[in-house]
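Structure first, commentary second.
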Amino acid sequence: MTVKTASLHLSTRGNADILDVTEQIRRTVAESGVKNGAVTVFTPSSTSALTTIEYEGGALNDLRRLFDEIIPVDQDYAHNARWDDGNGHSHIRSALLGASLSVPFVNGRLTLGTWQQIIFIDFDNRPRQREVILQIIGD
Amino acid sequence: MTVKTASLHLSTRGNADILDVTEQIRRTVAESGVKNGAVTVFTPSSTSALTTIEYEGGALNDLRRLFDEIIPVDQDYAHNARWDDGNGHSHIRSALLGASLSVPFVNGRLTLGTWQQIIFIDFDNRPRQREVILQIIGD
Amino acid sequence: MTVKTASLHLSTRGNADILDVTEQIRRTVAESGVKNGAVTVFTPSSTSALTTIEYEGGALNDLRRLFDEIIPVDQDYAHNARWDDGNGHSHIRSALLGASLSVPFVNGRLTLGTWQQIIFIDFDNRPRQREVILQIIGD
């Protein structure tokens, strides 16, 4: 059994920019030499989140629309009233969607579905440089 | 320390069909021989999801209603416009609720609450045969 | 590689009371002697949930408002009609937000962002004594 930590470095445009990080995670797991285990994917940020989806433009637009509907950008936020940074919606969207995701792998391969990709969403209101933590545990 | 992988095979009716998978996971963990650790439950699909709830008909109906309200079936989806498969809502519901869940166990027993069950929700718009991955890590 | 289990004991006021549990988790991980791994944080309850957020009053109020908007307290719930305990909304909010969170740590330190805290939300409609499970796996 072993633990290996790696990280991804991402450049985003913010504003619900959605990045497909599947290939980078797949490669990191394959190159770790760990055969069977789980990778914990974690974003060390309170204005971004992780989930899985079929990475095609239609579904991505639909997901962005959901957040525009239930947590609109143009609404009063107590966070903005205090800090005046205009990203109150970013915090609430991120808290709802979640910062961590755990994906099992077997024989060095992620157990994702055929049409399932791992995505990083940057909900902040400006472009950001982001780090995503990958913690691989297995043997 | 050891890693054991198993899977559940489920038949669903689709359309937000909710299955209680607690007993199968409980048995898989107990039979694994691993005493203390965590089980990662993962659905390798972009139209289904996992969470916990009190598995009683009222709460299940209330959960289905929530998704009907915030991510309605009868709405225009960019996914449907492109692929014409009518399951745009299934993708967005699944991305929001999430594909993975991690449950600790101690002395071979899941640390679930008394009224807490692990559920699999099939958001697709037709009956499906599903596999759910269980990755047990511990000693 | 080792597994260590601990738990937090919390007193809440219920009604979407939000507790910052970061410091207790940080200390538990540091004192475990495990250097690198992941901590699975799990609430064994169907009326509470876990996530991360910037723990400041504005964002906390905004998060509570989100749940008041999409899963209102004053609405008919099938759960309440059956059980008459008035916490139908608590179950649905908890199922949506989720019971588990996995946080990697490196050299004994959680990989949280600077402005990111781990929170426990008690969605039940009355004060509660709560236990949160921490399962630390690593070496």
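The values are calculated or read from the model by the stated rules, or taken from the named source; none is laboratory data. From a predicted model like this one, the values you see are computed outputs, not experimental measurements. We place every Cβ from the backbone using ideal geometry, glycine too, and count neighbours over all the protein chains shown.
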- Query: For the range B:8-23, what are the residues that are buried (at least 18 other Cβ atoms within 10 Å of the Cβ) and either without any contact (Cβ under 8 Å) to a residue 24 or more places away in the chain or under 17 Å from residue B:102 (Cβ atoms) (or both)?
  - Reply: B:21
- Message: Checking the condition closer than 24 Å to residue C:101 by Cα, crowded, with 17+ Cβ neighbours inside 10 Å, of a type in the set (Gly, Ala, Ser) and touching a Ser or Thr at 6+ places or on another chain (Cβ under 9 Å), which residue from A:108, A:113 passes?
- Response: A:113
- Query: Does the range A:25-48 include one or more residues that are surrounded by 14 or more Cβ atoms within 10 Å (Cβ to Cβ), basic (Lys, Arg), within 11 Å of chain C (Cβ to nearest Cβ) and in contact with an Asp or Glu (Cβ under 8 Å, 6 or more places away or on another chain)?
  - Reply: no
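What residue, of B:97, B:66, is surrounded by 21 or more Cβ atoms within 10 Å (Cβ to Cβ) and of a type in the set (A, V, I, L, M, F, W, C)?
Working: B:66 fails: surrounded by 21 or more Cβ atoms within 10 Å (Cβ to Cβ).
Of the residues listed, the single one that is surrounded by 21 or more Cβ atoms within 10 Å (Cβ to Cβ) and of a type in the set (A, V, I, L, M, F, W, C) is B:97.
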- Extreme residue, nearest to the other protein chains (Cβ to nearest Cβ), among residues of the range A:67-84 that are more than 13 Å from residue C:62 (Cβ to Cβ) and out of contact with any Lys or Arg (no Cβ under 9 Å at 6 or more places or on another chain): A:69
- Considering residues that are more than 7 Å from chain B (Cβ to nearest Cβ) and not acidic (Asp, Glu), the number found within the range C:85-95 is 6
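Does residue B:15 satisfy the condition of being farther than 24 Å from residue A:51 by Cα and modelled with pLDDT of 95 or more?
Details: farther than 24 Å from residue A:51 by Cα: no; modelled with pLDDT of 95 or more: yes.
Spelling it out, it is not the case that residue B:15 is farther than 24 Å from residue A:51 by Cα and modelled with pLDDT of 95 or more.
Kindly indicate the residue of the range A:54-66 that is without any contact (Cβ under 8 Å) to a residue 40 or more places away in the chain and among the acidic types (Asp, Glu) and also nearest to the other protein chains (Cβ to nearest Cβ) among those meeting that condition. Talk me through it step by step, then tell me what you get.
Start the filter on the range A:54-66 by keeping residues that are without any contact (Cβ under 8 Å) to a residue 40 or more places away in the chain, which leaves A:56-59, A:61-62, A:65-66.
Narrowing the set further to residues that are among the acidic types (Asp, Glu) leaves A:56, A:62.
Working: A:56: 7, A:62: 5 Å.
So, considering only residues that are without any contact (Cβ under 8 Å) to a residue 40 or more places away in the chain and among the acidic types (Asp, Glu), the one nearest to the other protein chains (Cβ to nearest Cβ) is A:62.
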- Message: I'd like to check something: does the range C:129-139 contain any residue that is touching a Lys or Arg at 6+ places or on another chain (Cβ under 9 Å), at the interface with chain B (Cβ under 10 Å from one of its Cβ atoms), surrounded by fewer than 20 Cβ atoms within 10 Å (Cβ to Cβ) and acidic (Asp, Glu)?
- Response: yes
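With respect to residue C:51, is the statement that it is at the interface with chain A (Cβ under 8 Å from one of its Cβ atoms) and either at negative phi or not acidic (Asp, Glu) (or both) true?
Working: at the interface with chain A (Cβ under 8 Å from one of its Cβ atoms): yes; either at negative phi or not acidic (Asp, Glu) (or both): yes.
Against the criterion (at the interface with chain A (Cβ under 8 Å from one of its Cβ atoms) and either at negative phi or not acidic (Asp, Glu) (or both)), residue C:51 qualifies.
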- Report yes if residue B:108 is modelled with pLDDT of 95 or more, on the phi > 0 side of the Ramachandran plot and over 13 Å from the mean Cα position of the chain (by Cα), otherwise no. yes
